[in-house]
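Heads up: the structure comes next, in structure tokens.
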């Protein structure tokens, strides 16, 4: 059986196709690492809260403060959510560049 191989040739880092591939890979890796962290931290916050609305209030309060001001699960939730958002942004940028220059 023949294997399918990519026909793309990557050039220097300033090439839009190379930048798109790098942004897609870094964005996907960030989402893959930080999304489970955010979900586990939110689950921990929800387990500690008395009700689901209290869990949402705690998560919203964690996102409104600075990253290093919180303690424990709030810091993990804040870092996980920010990392996921950054990963989505990079992935979207890579897909946009890939669509424009492919």
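A short reminder: the numbers here are calculations on the coordinates, not readings from a lab. Fair warning: this is a prediction, and the values are worked out from it, not measured in the lab. Counting neighbours? That spans all protein chains shown, and the Cβs are built from the backbone with ideal geometry, glycine included.
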Cα→Cβ-extended label distance, 7 Å offset, between residue 56 and residue 32, nm: 3.3 nm
Angle in degrees between helix 52-64 and the longest Cα principal axis of the chain, rounded to the nearest 10: 60 degrees
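Using 1/(1 + (r/R0)^6) with R0 = 41 angstrom and r between the beta carbons of residue 12 and residue 40, what's the FRET efficiency to the nearest 0.05? Don't skip to the end; give the middle numbers.
Values: r = 40 Å, r/R0 = 0.97.
For R0 = 41 Å, the calculated efficiency reads 0.55.
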Structure-based [θ]222 nm, the chain - -39500 (n - 2.57) summed over DSSP H runs of at least 4, per residue, nearest 500: -26000 deg cm²/dmol
GNM result for the chain, Cα springs below 10 Å: residue of 92, 72, 80 fluctuating most strongly: 72
With Cα atoms, 0 to 90° folded angle of helix 16-48 axis to the chain main axis: 20 degrees
Computed over the range 35-101: relative contact order in percent, which uses C-alpha pairs under 8 Å that are six or more apart: 37 percent
Angle between the chain longest axis and helix 73-101 axis [Cα atoms, degrees, rounded to 10]: 20 degrees
Whole-number D in µm² s⁻¹ for the chain, Kirkwood Cα-pair radius fed into Stokes-Einstein, 10 °C, 1.306 mPa s: 102 µm²/s
Spacing of the two label points (7 Å from each Cα toward its C-beta) at residue 88 and residue 64, in nm: 2.1 nm
Listed residues 23, 54, 81, most fluctuating in the chain (Gaussian network, C-alpha, under 10 Å): 54
